[in-house]
Amino acid sequence: MPTIVEVGASIEGEKIEGHSRDPLSYRGKQRCNEVDCFQFVAKFDVKSLVIEVLVPKTPMISPSAHIGLNDDIVCEQAVISSVKNKYRPAAKSNVSSTHGANSWSYPNQTNVQVIRSHQEIKAAMEKRRLLAKSVVQVIA
C-alpha cells in the first residue's frame, strides 16, 4: 500500500482518519459523481489514512479513488468530501512534537483528494533557488 502523493489522486473509505497543521475549513455542499457531499479543505502538512473499507456496491464519490485498507495520502493541501457534514476530532498522540496539529476522523463514507502535493512546493522552491543563483551569476 504505497503512499499517494500525486495531484488529483484520492483515497476513499467508510472511515477515514487524518491530520493537518491548519484547522479544516468548510466549503459547502457539492454533488460528486451523483453523491451529495459536504466538502472541507485541509491545509499544511496533510496526512490521511483509510481505516475502514467501503461496503461493496456502494456508489463511490470518486470512481478512480484508492480504496484499500491503510491506503494513505501525504500532501500539502487536500479536499475532503464526506456524505455527512460531521467529523470528530481524533485523539492522536505524537502527531508533531514541535507544532500543533488538528486530527480528525470521518465515521461515514469519505474521499480525500490531493490538491497540492509536497513535490510541487519542493519543485517551486528548487526553481526559485536556481533562479536566484542564475541572477547572482549574471550580476557578478
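The values are calculated or read from the model by the stated rules, or taken from the named source; none is laboratory data. Source: prediction; values computed, not measured. Because the Cβ atoms are built from the backbone with ideal geometry, glycine has one as well, and the counts that use them run over all protein chains shown.
Within the stretch 12-32, residues that are more than 19 Å from Asp71 (Cβ to Cβ) sit with their Cβ atoms under 7 Å from residues that are of a type in the set (Phe, Trp, Tyr), at 6+ positions apart or across chains, in these pairs: Arg21/Phe44; Asp22/Phe44; Leu24/Phe40; Leu24/Trp104; Ser25/Phe40; Tyr26/Phe40; Arg27/Phe40; Lys29/Phe38. Inspect the stretch 41-58 for any residue being closer than 23 Å to Tyr26 by Cβ, modelled with pLDDT of 90 or more and in contact with a Cys (Cβ under 7 Å, 6 or more places away or on another chain) and give the result as yes or no. Checked against the condition, which is being closer than 23 Å to Tyr26 by Cβ, modelled with pLDDT of 90 or more and in contact with a Cys (Cβ under 7 Å, 6 or more places away or on another chain), the stretch 41-58 yields at least one hit.
Out of all the residues in the stretch 65-96, which are surrounded by fewer than 11 Cβ atoms within 10 Å (Cβ to Cβ) and modelled with pLDDT of 80 or more? Hit for the stretch 65-96 is Lys86, nothing else. Being surrounded by fewer than 19 Cβ atoms within 10 Å (Cβ to Cβ) and under 18 Å from Gln109 (Cβ atoms) is the filter here; which residues of the stretch 10-23 pass it? Listed by number, the residues that qualify are Glu14, Lys15.
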